[in-house]
Amino acid sequence: MIQDDLSHAADERLAAVRERIARAARVAARDPADVTLIAVTKTHDAAAIRPLLAAGVRDFGENRVQEAQAKWPTLRADYPDARLHLIGQLQSNKAADAVALADSIHSVDRPSLIEALARAIAASGRAPGCFLQVNIGAEPQKGGCPIADLPALLRQARDAGLPVAGLMCIPPAELEPAPYLALCAKLAREHGLGGLSMGMSDDLETAVTLGATHVRVGSALFGARP
Ligand SMILES: *Cc1c(COP(=O)(O)O)cnc(C)c1O
């Protein structure tokens, strides 16, 4: 009964988010299929996640390696084609665990982390797609590399053999996101990067119209986090 209620609410929210993505894609003359919806499941347990898996969602985002390790091995046993994206700030000493677990890492933002990831990839033979996170609003408390450091970081990542998929950004809260999202899209274009991980519950339409290939959506799918 409780599982049924969860499923019903999840189906409605999922349909609404998919419709938002589709409408924004149409406005920009893009194919909605070119936008990957990543359901951000941080703080939500397996019972909340299963309805989305049952509804066909296959891309999921977690912020913390430890939390992901606790939830995802069991869920993946039932859904081997589920893909896990790590989207939170990553300590270099968690690089090996991250590489073992994730299909993509969206928070690659400094030389020491690139070195640690390259070692973990070499040791394990697994190579998650890597998004370089840019601190697009130059906010001191946020992760991401300064815009000025991006060319050197990208060169280092490519030289180290990391599979660089694209750029990721989180625009400043409380400010109009469009200029920041547009700047991130421009940086990706300038560096020949196809992947663009941007857009969350509140700004996903803007992100999709500006070229996002991966939107990371939590609260619009699950309700407000506790
Ligand atoms: C939590 C989180 C999201 C999802 O945010 P919502 O506003 O709940 O959609 C996206 N990206 C990152 C990096 C996050 O930490």
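The values are calculated or read from the model by the stated rules, or taken from the named source; none is laboratory data. This is a predicted model, so every value here is computed, not measured. Cβ: placed from backbone, ideal geometry, glycine included. Neighbour counts: every protein chain shown.
Residues are listed down the side, and each one gets a yes or a no for (1) of a type in the set (S, T, N, Q); (2) under 23 Å from ALA98 (Cα atoms); (3) within 16 Å of the ligand (Cβ to nearest atom); (4) surrounded by fewer than 18 Cβ atoms within 10 Å (Cβ to Cβ):
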| site | (1), (2), (3), (4) |
| --- | --- |
| ALA127 | no, yes, no, yes |
| VAL134 | no, yes, yes, no |
| ALA138 | no, no, no, yes |
| PRO172 | no, no, yes, yes |
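Can you spot a residue in the stretch 64-84 that is at pLDDT 95 or above, crowded, with 19+ Cβ neighbours inside 10 Å, within 13 Å of the ligand (Cβ to nearest atom) and within 22 Å of GLY211 (Cβ to Cβ)? Taking every residue of the stretch 64-84 in turn, none turns out to be at pLDDT 95 or above, crowded, with 19+ Cβ neighbours inside 10 Å, within 13 Å of the ligand (Cβ to nearest atom) and within 22 Å of GLY211 (Cβ to Cβ).
Among the residues of the stretch 195-218, those identified as farther than 16 Å from ARG26 by Cβ and more than 12 Å from the ligand (Cβ to nearest atom) are GLY195, LEU196, THR213. Scanning the stretch 202-222 for residues that are closer than 17 Å to THR41 by Cβ and in contact (Cβ under 8 Å) with a residue 60 or more places away in the chain turns up LEU204, HIS214, VAL215, ARG216, VAL217, GLY218, ALA220, LEU221, PHE222.
Of a type in the set (Gly, Ala, Ser) and within 16 Å of the ligand (Cβ to nearest atom) - does that describe any residue in the stretch 143-156? Scanning the stretch 143-156 turns up at least one residue that is of a type in the set (Gly, Ala, Ser) and within 16 Å of the ligand (Cβ to nearest atom).
When we screen THR41, THR36 for residues that are within 14 Å of the ligand (Cβ to nearest atom), touching a residue at least 24 places away in the same chain (Cβ under 8 Å), in contact with a strand residue (DSSP E or B) (Cβ under 8 Å, 6 or more places away or on another chain) and over 22 Å from GLY194 (Cβ atoms), the only hit is THR41. With respect to the conditions (1) in contact (Cβ under 8 Å) with a residue 24 or more places away in the chain; (2) surrounded by fewer than 19 Cβ atoms within 10 Å (Cβ to Cβ), LEU90 lacks only one, and its number is (2).
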